[in-house]
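Below is one structure, written out as structure tokens, with a few remarks after it.
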Amino acid sequence: MTMIAAQDQPAVPLNLGAAPGPLPAPDADIVSFLTYEARLADEARYSEWEQLWDDDALYWVPMRPDDDPAKKLSYIYDNRNRIKSRVAQLNTGNRHSQTPPSVMRRLISNMEVTETDEAAGTVTVASNFALFEYRYTQRVWAGRVIHQVRRTPDGLRLVRKTVHLISAGGPVDTLAFLI
Amino acid sequence: MTTMDNDVVGTVPTTGTFDVSTIVKNHRVHGSVYTSPEIFHREMETIFRTGWVYVAHESEVAEPGDYLTRRIGRDPVVVAHGKDGVIRVLQNRCSHRANRLCNAESGNATSFRCPYHGWTFSNDGSLTAVPMRDGYGEEFAKVRASLGMVETPRVDSYGGFIFASLAPDGISLKEHLGGAMGAIDRVLDLSPTGKIDLSRGWMKHLHHANWKMVVENNVDGYHALFTHASVYDAIRPAKVSHVPSKVQTVVRDLGGGHSEIDYSAEYRKLDEEFVWYGRIPRAKLPEYVEALEKAHGPEKAHDVLVIGPSHTLIWPNLFLAEMNVMYVEPVATDETIAYTAAVIVPGQEKLNERTMRRSEGAMGPAGFLIADDGEIGMRNQAGLAARGPEWLELSRGLETDVEDETGIVNHDKSAETPQRGFYRQWASVVGQEIPA
């Protein structure tokens, strides 16, 4: 009787790879960009939201924070082409699970720069978010969101958005809007 | 939650027998089958307590010590691969004061210790340790040997799919699967080793609909053009037409509540490989095709790659969803959890990554298909709050059903033949005697 059954694992561990000490806040233009991204998603402005993404995009909602997406299924794992398809489906106006679209407002806060890569021109920002969704009834979604943003001659571009839902352990309600 | 119309149905007893013909005819079902708490209770007591229910896949508990927590109907169970090599399905409850014993979704352990008073059970279910045992006397000594975790009396598997029955007696698993065994074989044929793996994670999606709405829809060949129009309009045309007159796709009632949409005749007519897999050319998966040809010979491998996997509902809770597997857990009359995994072919990583990305695209809470099925199911449940009409119509194709050696077939893929088969089985089970 050596090993004992493991107890519940927290859906989101407290540490998602950020340094233990205080981290710098992002520059003002990055904050504006992330706030803008949140507003476009909230307001179902799908095509404008799609325009934020760079070609090597990845929009990822894992089932567990430490999952390797090559080995584990995710809720969403969209490359640039899949993002385009997702937006095209929403734009038909016939995506029943978003017809009518969810009415949403999200707060994104506690922004910390976890990584800056001068050579690649990228900045990685980890934030907490709370999203209030109304569609027939009100739901709350919350978690940790990690954005990787690239500075380009044409302005800021979104490279990566990873959403660690606190409820990723499921069951998860329909998630057809832009989280 | 709505109440059923007592004028038509009368009172549904929660014990004893019940005349199901008051709510299920051969081509229509009464709305109360989706909304009545008494009927839901009868389903849990009959379908999920007397028959075979899918619980897990062997690939998820491959090593001794591996365990998972699941449900059979509403009973929480632990699927445990014992150190003796036997896979058991044990009631997830401490025999002392009923604490849920195992609280993790999965793991590896040789024993389960109750966190309440420390009673410890081996992963074969037997009680191995009772702390401070001096406090117990003769009365306890008499029953101690019987205080293991309660073992599900019947557990069997086919093709790695583990099924359990809470009833000690009944038909064998093979008899239960009957015509649906071929559907499992069809999926296994796609693997050069003859085995599949479902251990890459289950998407857990909450549906606000009765569990039957969720499973019936999986073998509905009528809805795609409407429910999923946005996919075909915006992204890509359907793999083959959903207009019944244009295709040789059939629907089939396999008996025993099992049913399917079978694309194989249409695919064989096209004689094109991977139509079911985004029409990818075989040159993109050379290692896989080579391994499959080695396993089956080139001729059968070609046919396997032409017809692809099955699209089959296995009564009551398992759906072979082509390169996905879905099972459902009924929660309440209007709430169901759907679990979806990708079908992984051992040793074929290139194929598997593609399969996982396809699963995420189509299935689960954010999937291009299933998110909308979930919405439609929720609206179905909402529509049932209207008291009229009292009945749902399932008569499409009733006059064109033909019986052959494979079951009841309809060559119009939009026929409601699968749903009629589902409710024939339902009626034969739900009315049976429930002990008081």
**Request:** Read through the list (1) surrounded by fewer than 17 Cβ atoms within 10 Å (Cβ to Cβ); (2) within 14 Å of another protein chain (Cβ to nearest Cβ); (3) more than 29 Å from B:E349 (Cα to Cα), then give the number of the only condition that A:V113 fails.
**Result:** (2)
**Request:** Search segment B:276-293 for residues that are at pLDDT 95 or above and pair each with any residue that is β-branched (V, I, T) when their beta-carbon atoms are under 6 Å apart and the residues are at least 6 apart or on different chains.
**Result:** B:R282/B:V289
**Prompt:** Which one of the conditions (1) touching a Pro at 6+ places or on another chain (Cβ under 7 Å); (2) within 14 Å of chain A (Cβ to nearest Cβ) does B:P153 fail to meet, given that it meets all the rest?
**Reply:** (2)
**Prompt:** In segment B:247-257, is there at least one residue being assigned to a strand (DSSP E or B), acidic (D, E), touching a residue at least 60 places away in the same chain (Cβ under 8 Å) and within 14 Å of chain A (Cβ to nearest Cβ)?
**Reply:** no
**Message:** Which pairs turn up if I take residues in segment A:62-80 that are over 16 Å from B:M363 (Cβ atoms) and look for partners that are modelled with pLDDT under 95 with beta carbon separation below 7 Å, at least 6 apart in sequence or on another chain?
**Reply:** A:P65/A:V12; A:P65/A:P13; A:P65/A:L16
**Request:** Tell me, yes or no, whether segment A:85-100 has at least one residue that is over 19 Å from A:W49 (Cβ atoms) and more than 9 Å from every other protein chain (Cβ to nearest Cβ).
**Result:** no
**Message:** Consider segment B:48-69. How many of its residues are of a type outside the set (G, A, S), over 13 Å from the mean Cα position of the chain (by Cα) and either within 14 Å of another protein chain (Cβ to nearest Cβ) or under 22 Å from B:D169 (Cβ atoms) (or both)?
**Reply:** 10
**Item:** Failed item in (1) within 14 Å of chain A (Cβ to nearest Cβ); (2) under 25 Å from the mean Cα position of the chain (by Cα); (3) surrounded by 18 or more Cβ atoms within 10 Å (Cβ to Cβ); (4) not basic (K, R), with B:A234 passing the rest
**Value:** (2)
**Asked** Does B:K212 satisfy the condition of being away from chain A (no Cβ under 14 Å), surrounded by fewer than 19 Cβ atoms within 10 Å (Cβ to Cβ) and touching a residue at least 24 places away in the same chain (Cβ under 8 Å)?
**Response** no
**Request:** Identify the residue in segment B:11-43 that is part of a helix (DSSP H, G or I) and of a type in the set (G, A, S) and, among all such residues, is farthest from the chain's Cα centre (by Cα).
**Result:** B:S21
**Request:** Could you grab me the full set of residues in segment B:164-210 that are within 23 Å of A:L175 (Cα to Cα) and in a strand (DSSP E or B)?
**Result:** B:M203, B:K204, B:H205, B:L206, B:H207
**Request:** Mind listing whichever residues of segment A:150-172 are under 30 Å from B:R70 (Cα atoms) and in contact (Cβ under 8 Å) with a residue 24 or more places away in the chain?
**Result:** A:T162, A:V163, A:H164, A:L165, A:I166, A:S167, A:A168, A:G169, A:G170, A:V172
**Request:** Confirm whether A:A70 is away from every other protein chain (no Cβ under 14 Å), part of a loop (DSSP other than H, G, I, E, B), among the aliphatic types (A, V, I, L, M) and out of contact with any strand residue (DSSP E or B) (no Cβ under 7 Å at 6 or more places or on another chain).
**Result:** no
**Message:** Quick check on B:G65: is it surrounded by fewer than 21 Cβ atoms within 10 Å (Cβ to Cβ), in contact with a Pro (Cβ under 6 Å, 6 or more places away or on another chain) and at pLDDT 95 or above?
**Reply:** no
**Request:** For segment A:11-31, state whether one or more residues are part of a loop (DSSP other than H, G, I, E, B), of a type outside the set (D, E), closer than 30 Å to B:A109 by Cβ and at pLDDT 95 or above.
**Result:** no
**Prompt:** Of the numbered conditions (1) closer than 20 Å to B:Y158 by Cβ; (2) within 11 Å of chain A (Cβ to nearest Cβ), B:A338 satisfies every one except a single condition; which is it?
**Reply:** (1)
**Request:** Determine, yes or no, whether B:S359 is within 14 Å of chain A (Cβ to nearest Cβ), of a type in the set (S, T, Y) and touching a strand residue (DSSP E or B) at 6+ places or on another chain (Cβ under 8 Å).
**Result:** yes
**Request:** Residue by residue through segment B:94-115, note down the ones that are at the interface with chain A (Cβ under 7 Å from one of its Cβ atoms), hydroxyl-bearing (S, T, Y) and part of a strand (DSSP E or B).
**Result:** B:S111
**Asked** Is one or more of the residues making up segment B:211-232 part of a helix (DSSP H, G or I) and touching a Lys or Arg at 6+ places or on another chain (Cβ under 8 Å)?
**Response** yes
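The values are calculated or read from the model by the stated rules, or taken from the named source; none is laboratory data. What you see is a predicted model; the values in this text were computed from it and never measured. Cβ: placed from backbone, ideal geometry, glycine included. Neighbour counts: every protein chain shown.
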